[in-house]
């Protein structure tokens, strides 16, 4: 049996440091005349990290030739927290990918947990591959946006991939079951949030790759909240378009991404009677380049995101309503953030590389993204302000670096 | 070192759907004249499941020849939740089997976590191998019966297996340590439930297999609760008998199983002074068949279980006493359930198969078994009624299907 | 990829029994004239254990030759609870070691979770290798001493090892990041315990091994508690010296170890004005021997530890102050414990062995060590007294045995 199994993996460790600066923009008021402005506060953290260049992982995979151009395959891939000896948060789990497939001239049908089509463009067209401090802000802003747990991967999915022989065209579609209980008759449904359809993902990606060019578009919808009795359904609808072109001495990357949170509820303004617009969104773009230098590779990217906060009646912020009668002048400006990242990878072999990356995020108008974005590892690693400080402080800049080694097997 | 290790496994994924129907059999009474009967409620769930044909798993095993007919072996086998990328509930754990063995002409001594002898008959003589919606009701009713956590497997066990050269006779015995603390003197023992002996299992299985015939009987006892100071010990005592005969065009299966919950306590009826009978039980039987059809296999089974509810003074239901003085007429009828399952497996190769199974359970007199029984995966998958509804509703039928692919490596 | 990965492991299972005896040394007083002395209480536990001879584990490792004497390596090693089918407490996690290395003529740089330098002497110079009931008391007393979680291993570490060609001299240093958040300005730091530096480890080990002799010394410091605003830092500072000499028919072992808990705080006695000494410590020594007997090995050791309880103002016992005014006569004697262990290992092959070990610990003056020390497995296995009894009873002796099999792969 062993001959049919390939063990593979990545162990990537880095000395990393993140630093976040925030400032107090509050001032004494009539209600609180003694308010003391605490000024600027910087939090920083230095330690051993993982996945600075490529995500650390351990996997088992294999393919069986069934004859007639058909094959059956499996792929079990687990994340590793190799800096601390943990394997994921609760022991080795094949949370990165766990699939069984049947492929043939018709393409491939794949069942299990897998990457979403909409995520592929975000990682493929990011010179930093959404790993480490250089990760694109598109990733940072979209990961978990409006409670979306199916941003990069989805469980319980059925996927279909076009066969590879279509003259450079490629594509995939994916449907992920929500696995919520359905009640018949419907009024027997418990009156709770997320009791139906939450967790469903549907999406697709189509592209063209030939020679130096790779271009792909994707579209997807993730159901992030619903309630049967309210008739409420909250979705994050995403589309993006990315491309790369390899000129030889330099390879260019670009991407545009947009995610809208559509809430199809029946809430209307009690005074004005109009229906809320219900379309907060986040839009982002990235340009980047990689430049081969001998056995090394220079990587650079600039990414930018802008939030549209129109959160009047969204699920996650029911109380943050725009109030045209009593508070018509309070209109929060749209938060924005920019990020610049540059790094160098030195390949000791095909399997082993040393790398260094530095990055800086500038937040405006209330945006609070940090260099390490919202990566699972980074979330717990990111310096956090105490509750009282967090309430008083407005995020400004975030800087960080990774210096590490990546070994694949 | 690698040459001594075999990696093996199963990745089995299916599109599965389960549906449970229940009805409200309550009516307005003098105390509650406005009671509104909610009628029939159906709950259903559709999604991607695992282990519909064979249990998904990943394992490592190996054998070392020690010479003189002796060998040392190890076997580490973990369950997989490959539909969601989890590996068991809390990361990859060798919960299916983790043993080290020494074998020779005398047989095999095996230490660790392993299947119980009493479980073997339930799975070997079930045409569906206790996997998926076709799983025998004997499994569904016995798994966890009266809090028995050692139904299918037991930790901390010492097992002995007869050698394979006994002319078709085979057999095994197993003892599983309870690993509770013993206090000396005994009256220093804390007055708590399950402080001694709970968790112990002892059992054996003996059979005869030759040519087309396979027949085996097993007997076992699992200690499910006790209290030193009360002198109370609650056990689930099981015996079963199964057989299969392969006629070539068809292979027939049959099994009878009985589990009694014996509680050796000293509780007597305060009025009548007699000792409670204390022997609730569950009895079940199964008949089934498999029919090879070219590269495929048709599988069919019919199973039935009946509970004896005599729960007067059992540990789990101390208050559910039969009361011969004040409530002599309330005697719940014995719950019963029947199940019919049929399926087809199409082998694409020895390692890869497509399969489909449908099944239906009919519950009577309060039984509440569902198609997917009490499988770990199925438990969380099974539609559940809300608390209020669950109290009002009586389970009726349960139906379900699995359509999937199983790939072994 | 597979060819670059070696799977390795140990499955070690034993029938083990531990027994702890304690006695009530309290008596009736004026305040409690009816006190009933409960005498001697023995708690014992028998079951299937793991890691009695060598720690059960499953690992993946590999090395890539980079040319020029350089190599890259990875090592992922998880502990196994094979008696219960668990893999560590929460599924398979590479908690024993998870590292990536770059090595060359300069030595080796290793990143990740690894053994601490100070632990190596404790295990290398213990004839029982700090596994099973024979484990040295130095291990039992130091593991977790004063809350030290970096006793045997440290996460987030950077290690350096001398190259192997130094004429018998060997050595390593290790630094482990604390990964706490740093606040600028400092007075923005939350006023909480362990908010900075806790978790840091720094240490080194240097030795000489040639022919029959092996001798090594190590020194290390582990930060176990601190508070920015109090200016408090609590460290466990350890040094030890061990040696072994192989005479052929017998190999002798010896070690001395000392761990001091230094607390650099500013607490002074409110009455006397002097600064507290703040140096509780634990000192221990071991002598042992192994004697080859045909295919077997006899192992024997005697170890002893003594605590200095000077806990006036330590972090963990702020209230246990020596009070020179009101209670000058209460001076707890220093707890002491001795342990004798003897065992036999019978090798069936290089990979498979049967073994048996017995051990006895004698506690004096309040020491409460048990035969199984504080091994992860053993902690939950050790008989525990109920809360009330634990408060009343003084530990005396602890005895135990392991009879098992170890299989490596």
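Would you confirm, using the coordinates I've provided, whether residue A:14 is at the interface with chain C (Cβ under 10 Å from one of its Cβ atoms) and either over 30 Å from residue A:127 (Cα atoms) or touching a residue at least 24 places away in the same chain (Cβ under 8 Å) (or both)?
yes
What do you reckon, is residue C:38 in contact with a strand residue (DSSP E or B) (Cβ under 6 Å, 6 or more places away or on another chain), more than 30 Å from residue A:347 (Cβ to Cβ) and within 10 Å of chain B (Cβ to nearest Cβ)?
Answer is yes for this residue.
Checking the condition at pLDDT below 95 and either over 21 Å from the mean Cα position of the chain (by Cα) or crowded, with 18+ Cβ neighbours inside 10 Å (or both), which residue from A:347, A:332 passes?
None of the others qualify; the one that does is A:332.
Suppose we keep only residues that are surrounded by fewer than 17 Cβ atoms within 10 Å (Cβ to Cβ) and either within 14 Å of chain B (Cβ to nearest Cβ) or touching a residue at least 40 places away in the same chain (Cβ under 8 Å) (or both) within the stretch A:155-166. Which one would you say is nearest to residue B:43 (Cα to Cα)?
Checking each candidate, the answer is A:160.
What are the residues in the stretch B:254-266 that are under 18 Å from the mean Cα position of the chain (by Cα) and farther than 15 Å from residue B:219 by Cβ, if any?
Within the stretch B:254-266, B:254, B:261 meet the criteria.
Could you list, in sequence order, all residues of the stretch A:57-81 that are in contact with a helix residue (DSSP H, G or I) (Cβ under 9 Å, 6 or more places away or on another chain) and buried (at least 18 other Cβ atoms within 10 Å of the Cβ)?
A:62, A:64, A:79, A:81
Please state which one of C:220, C:199, C:203 is crowded, with 21+ Cβ neighbours inside 10 Å, farther than 27 Å from residue C:250 by Cβ and at the interface with chain A (Cβ under 10 Å from one of its Cβ atoms).
Answer to the selection: C:199.
Please give the number of the condition residue A:59 fails out of (1) more than 10 Å from chain C (Cβ to nearest Cβ); (2) in a strand (DSSP E or B); (3) closer than 25 Å to residue A:123 by Cα.
Unmet for residue A:59, out of (1) more than 10 Å from chain C (Cβ to nearest Cβ); (2) in a strand (DSSP E or B); (3) closer than 25 Å to residue A:123 by Cα: (1).
Could you please let me know if residue B:82 is in contact (Cβ under 8 Å) with a residue 12 or more places away in the chain, more than 28 Å from residue B:258 (Cβ to Cβ) and in contact with a strand residue (DSSP E or B) (Cβ under 6 Å, 6 or more places away or on another chain)?
yes
Consider residue B:6 carefully, then state whether it is under 30 Å from residue C:9 (Cα atoms) and within 7 Å of chain A (Cβ to nearest Cβ).
Yes, satisfied.
Across the stretch A:4-45, what is the total count of residues that are at pLDDT below 90 and over 30 Å from residue A:343 (Cα atoms)?
Counting residues in the stretch A:4-45 that are at pLDDT below 90 and over 30 Å from residue A:343 (Cα atoms) gives 17.
Spot the failing condition for residue A:35; the list is (1) in a strand (DSSP E or B); (2) over 24 Å from residue A:354 (Cβ atoms), and only one is missed.
Of the numbered conditions (1) in a strand (DSSP E or B); (2) over 24 Å from residue A:354 (Cβ atoms), the odd one out for residue A:35 is (1).
Based on this model, can you work out whether residue B:44 counts as under 21 Å from the mean Cα position of the chain (by Cα), within 11 Å of chain A (Cβ to nearest Cβ), within 20 Å of residue B:395 (Cβ to Cβ) and assigned to a strand (DSSP E or B)?
It is false that residue B:44 is under 21 Å from the mean Cα position of the chain (by Cα), within 11 Å of chain A (Cβ to nearest Cβ), within 20 Å of residue B:395 (Cβ to Cβ) and assigned to a strand (DSSP E or B).
Quick check on the stretch B:361-409: of everything there that is assigned to a loop (DSSP other than H, G, I, E, B) and modelled with pLDDT of 80 or more, which residue is farthest from the other protein chains (Cβ to nearest Cβ)?
Filtering the stretch B:361-409 for residues that are assigned to a loop (DSSP other than H, G, I, E, B) and modelled with pLDDT of 80 or more, the one farthest from the other protein chains (Cβ to nearest Cβ) comes out as B:365.
Inspect all residues belonging to the stretch A:185-193 and state whether any of them is under 19 Å from residue A:243 (Cβ atoms), in a loop (DSSP other than H, G, I, E, B) and touching a residue at least 12 places away in the same chain (Cβ under 8 Å).
no
Does residue C:54 satisfy the criteria of being assigned to a strand (DSSP E or B), more than 7 Å from every other protein chain (Cβ to nearest Cβ) and under 26 Å from residue C:131 (Cβ atoms)?
no
The values are calculated or read from the model by the stated rules, or taken from the named source; none is laboratory data. Since the model is a prediction, treat every value here as computed from it, not as a measurement. In this analysis, Cβ positions are derived from the backbone assuming ideal geometry, glycine residues included, and neighbour counts consider all displayed protein chains.
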